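Right, one structure below, let's go through it.
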């Protein structure tokens, strides 16, 4: 009989992760029903405070097949509880979108790349009730690991991200030609009107709290009086400004954006000298069809070291454009190749999305790991906790140094007008 063992760090063992559940996982992964589960070992798959909307579990199973010795496989289970505090998950259909992305979109994009590229992990199983749950291959078994969100990515990492992102965007453009309705479900992203509609909704409360704290912080900086005044006016119409930063525009280049492109949603593989050789993306639940400026600005203002952001942004955009053009030409489907100037224009038009990322997301990213243990959506429902946590986030030295550079840039770009 199969046994299930939960590590001590699994405080509330999920009852839906049972033997029949993993029997289905194995049948899909191995493409056979002739398999006998022997044992299941489940532990937490991420540090406390690193995942807001989901619980991540690492699972190792032992099993036997006829005429085979005992074998082992490892999986990642992503479980999204049904909670009132995360109503935007239903509003934005993030579970459905992620399921479609892994089952249908990514395999087709990889086929367009002639299977020379992996864009995401394999999805083996999903369950809607009692909790939205997705089961993936564990890419750690293939040597993929996360980089440091606290330090940010150096130029070598960023160049690789630009190359892979360009291939992802280019193949999505091709898939949209082959199947014109494939991305109809991708109209809602992180800043969709649906997700921001409620003043007391979690997303709007979170971004509003960050905006107020940004204004408070910058108001204390000598020499930033004009910028602080503009931020104050921007925050008076925050919802409209947020929606506008993502809203579709006429005649823009359109691609499938990952939608949440920051350090923790990337897994890197390194050579013996610890140089990044490969990259796979994870967490496609907020993907959105729209300008590549959405992904590019979000990545620039959440994931780079300040040194790279300050001095290598142009080189990164040139790398992105060169790989985008090459991929589209190699696909040989007659898709117009955007010029470098067009890509620059897309990025410039979405600088407002970069501003949002710089105060709405980056404060969390730059937080010291020791301060994130109690970060979860349930805690953020408490107004006093949220206020204290946001103030703590904005005390980060890395955040302050970055904002002193980026805010004048956003002012020059007209984002705050």
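Nothing in this text is a laboratory measurement; each read-out follows from the coordinates by a stated rule. Fair warning: this is a prediction, and the values are worked out from it, not measured in the lab. A quick note on method: Cβ atoms are made from the backbone with ideal geometry, for glycine too, and the neighbour counts reach across all protein chains shown.
Some values worked out for this structure:
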item	result
C-alpha long axis of helix 313-331 to longest principal axis of the chain, angle in °	50 degrees
For the range 3-80, average projected area of the Cα convex hull in nm²	5.3 nm²
Computed lengthening from residue 67 to residue 326, 0.36 nm per intervening residue step minus Cα-Cα distance	88.5 nm
Point-to-point label distance, residue 237-residue 249, nm (Cα→Cβ direction, 7 Å offset)	1.6 nm
Packing-based order for 151-157, 257-263, using average beta carbon neighbours within 10 Å, highest first	257-263, 151-157
Simple spin-label estimate for residue 198 and residue 225 in nanometres, 7 Å along Cα-Cβ	4.2 nm
Förster radius 22 Å - calculated FRET efficiency between residue 16 and residue 74, Cβ distance, rounded to 0.05	0.70
P(r) tail fraction, the chain - alpha-carbon pairs more than 40 Å apart, %	17 percent
Cα-derived Rg over Rh, computed across the range 183-324 with Rh taken as Kirkwood radius	1.00
Where Rh is the Kirkwood radius over Cα pairs, Rg/Rh for the range 312-351	1.02
Sorted by Cβ density within 10 Å, fewest first, the residues 219, 148	148, 219
Which of 327, 32, 305 has the fewest Cβ neighbours within 10 Å, and the rest in rising order	32, 305, 327
Most mobile of 161, 11, 25 in a GNM of the chain (Cα contacts under 10 Å)	11
Inter-label distance for residue 2 and residue 122, nm, one decimal - labels placed 7 Å from Cα along Cα-to-Cβ	1.7 nm
Computed lengthening from residue 111 to residue 404, 0.36 nm per intervening residue step minus Cα-Cα distance	101.1 nm
Linear extension gain, residue 39 paired with residue 333, 0.36 nm per residue minus alpha-carbon span	100.9 nm
